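In what follows, a structure is listed as structure tokens, so that the remarks can point back to it.
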């Protein structure tokens, strides 16, 4: 175990490396997303892994419209509306067409990069 000064110095050096790696990782994510978008692909497979472009939706309730349609017992469990909660609980009760005008919907994309699949038993490496 080193002295306190050495430990702190090493710790700070590692934090700086993490920041540099995070910045580079973000640059690579943006480049991968741009390449997938430019090629019109939702995923790309390589020997190094798979890159998957996913779509996420965020529902922002319109206050007046929501209060005009939903009943009080519907509001409490949904203090924060998620697409999954709306789909699971409210769509069956009210129908999709009646609910769509209640929300401003923003769409965003996310990138998932996975390691290559592990070889199966007996398969060549």
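Flag: residue 34 matches the condition of being free of Cβ contacts under 8 Å to residues at least 24 places away in the same chain and either over 27 Å from residue 118 (Cα atoms) or under 18 Å from the mean Cα position of the chain (by Cα) (or both).
In the set (1) surrounded by 10 or more Cβ atoms within 10 Å (Cβ to Cβ); (2) free of Cβ contacts under 8 Å to residues at least 24 places away in the same chain, residue 5 fails one condition alone, (1).
For the range 72-84, the count of residues that are within 30 Å of residue 52 (Cα to Cα) and at pLDDT 80 or above is nonzero.
The values are calculated or read from the model by the stated rules, or taken from the named source; none is laboratory data. Just so you know, these numbers come straight off a predicted model, no measurement behind them. FYI the Cβ positions are ideal-geometry reconstructions off the backbone, even for glycines, and counts take in every protein chain you see.
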